[in-house]
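Below is one structure, written out as structure tokens; comments come after it.
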Amino acid sequence: MTTLEHDRTLGIADIAQAKRRIHGYTLETPLVSSSLLNQWLGHEVYFKAECLQKVGAFKARGGCNTVRWLLENGRRPERIIANSSGNHAQAVAWASSLFDIPSTIFMPENVSRVKARATESYGAEVVLCATRAEVDERVLEAAKDPGVYWIPPYNHEQVICGQGTAAYEALHELGEVDAVFAPCGGGGLVSGTLIATRALAPKAEMIAAEPLQANDAAISLRENRIHCLSATPDTLADGARTLAVGDITFEYIRRLDALYEVEEQRIAFWTQWLTHLLKLHIEPTSAMTMDAVRQWLKGRSGKKRLLVILTGGNVDQGMMSALWRDNYLNEFEL
């Protein structure tokens, strides 16, 4: 079965439809803030806490919306498949189980064990592959089987629309903001967030963050073509270990106001500080975005009102050890 239908530009009506589809299945996560952080920065920062979402990540939105969209259009598959390094895997497995559809998820061997076990707990068959490239090859081959529907982690219109509902909810609650920030892996969240932001907060800038050690999107923007990394990048931001953005998402990434590359030390720094200040369990990919806030605020005058999408909270013991190997809580340094 085909997966990618891409013949038009998505708009806010598409995000609103996705919001309607997932209502009652996903959570309307809270907006949180830290008065201490705001005092230190001299600005108002609001965090959309998707770490409290179903499956512990925003990916539940895209997975659920895509499955509901299939059923809404009379296209119930015999099996759903996906390729993922973690949170999308859980989301598709969870969404498939809601509607009694079998699922198979292809994951790299270096995936977080917590995420792999959680995916299996939702009833999915998990197939581990040696590399991310092999994962992508295996899912493309499996997608050729009749009765199978592939839900990619980001390069799919209905995945994008589902991910955009996080900003859609937040901006309806907040109203006007000066900028909206989100992490960039494959670009699904950034694409959906950009659509929502341009419609609901048209004066706001849309900013993304990406690991410097996994900066395929930044390279793609500089080269004006999609750049594919040669190997799985080594970064703490495991949700952004994609080899390349998609042809659909790249068109939205081009429309960003800025994309900041973040060093590994800063990813660990912000993970520790946001965990401490917000009292939430936060993935490094989520925390990375706060360094884009820091970079964007440099040289700007006047108090700013900002929205940051905190994408997830699934961290295993190995990642926790790496994140907390050095202590950054002795002093807050911008």
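The values are calculated or read from the model by the stated rules, or taken from the named source; none is laboratory data. From a predicted model like this one, the values you see are computed outputs, not experimental measurements. When we count neighbours, we look across all protein chains shown, and the Cβ atoms used for this are built from the backbone with ideal geometry, even at glycine. Side chains are part of the model used for accessible areas, which takes the heavy atoms of the whole protein and leaves out ligands, DNA and RNA. Shrake-Rupley method; radii C 1.70, N 1.55, O 1.52, S 1.80 Å.
Quick notes
- Here is the size of the stretch 59-150 from its Cα atoms: Rg then Dmax, 12.2, 37 Å.
- A dipole drawn for the chain from +1 and -1 charges on Cβ atoms has a positive end, and of Val245, Leu174, Cys51 the residue lying farthest that way is Leu174.
- Close amide H contacts of Ala209 (hydrogens built in the peptide plane, cut-off under 5 Å, sequence separation of 5 or more or a different chain): Ala182, Cys184, Tyr260.
- Here r is the Cβ-Cβ distance between Ser301 and Ser33 and R0 is 25 Å; the resulting FRET efficiency, rounded to 0.05, is 0.70.
- In order through the stretch 9-18: 3J(HN,Hα) via Karplus (6.51 cos²θ - 1.76 cosθ + 1.60), integer Hz, x for Gly, Pro: 8, 6, x, 5, 5, 5, 5, 4, 5, 4
- Proportion of all alpha-carbon pairs of the stretch 185-328 beyond 24 Å (%): 31 percent
- Nearest-ten-degree value, helix 157-174 long axis tilted from longest Cα axis of the chain: 30 degrees
- Accessible-area value, Tyr328, 1.4 Å probe, nucleic acids and ligands omitted, Å²: 40 Å²
- A Förster radius of 30 Å combined with the Cβ-Cβ distance from Leu329 to Asp234 puts the calculated FRET efficiency at roughly 0.75.
- Which listed pairs, of Lys48/Lys303; Lys54/Lys144; Lys54/Lys279; Lys19/Lys59, have C-alpha distances above 22 Å, in listed order: Lys54/Lys144
- Proximity of backbone amide H atoms, modeled 1.01 Å from N, is registered between Val127 and Ile105, Phe106, Met107 at under 5 Å, excluding neighbours fewer than 5 places apart on the same chain.
- Residue-wise HN-Hα coupling along the stretch 127-140, computed from phi with Karplus coefficients 6.51, -1.76, 1.60 (Hz; x: Gly, Pro): 10, 8, 10, 5, 9, 5, 4, 5, 3, 5, 5, 5, 5, 5
- Per-residue Karplus couplings for the stretch 315-321, computed as 6.51 cos²θ - 1.76 cosθ + 1.60 with θ equal to phi - 60°, are listed in order as 10, 8, 4, x, 5, 4, 4 Hz, Gly and Pro entered as x.
- Apportionment of accessible area to carbon and sulfur, the stretch 59-150, percent (1.4 Å): 47 percent
- Kirkwood Rh in Å, taken over all unlike Cα pairs in the chain: 19.5 Å
- Amide proton proximity set for Tyr46, modelled H, under 5 Å, gap of 5+: Leu306, Leu307, Val308
- Heavy-atom accessible surface of the chain, averaged per residue, reaches 39 Å², computed with a 1.4 Å probe.
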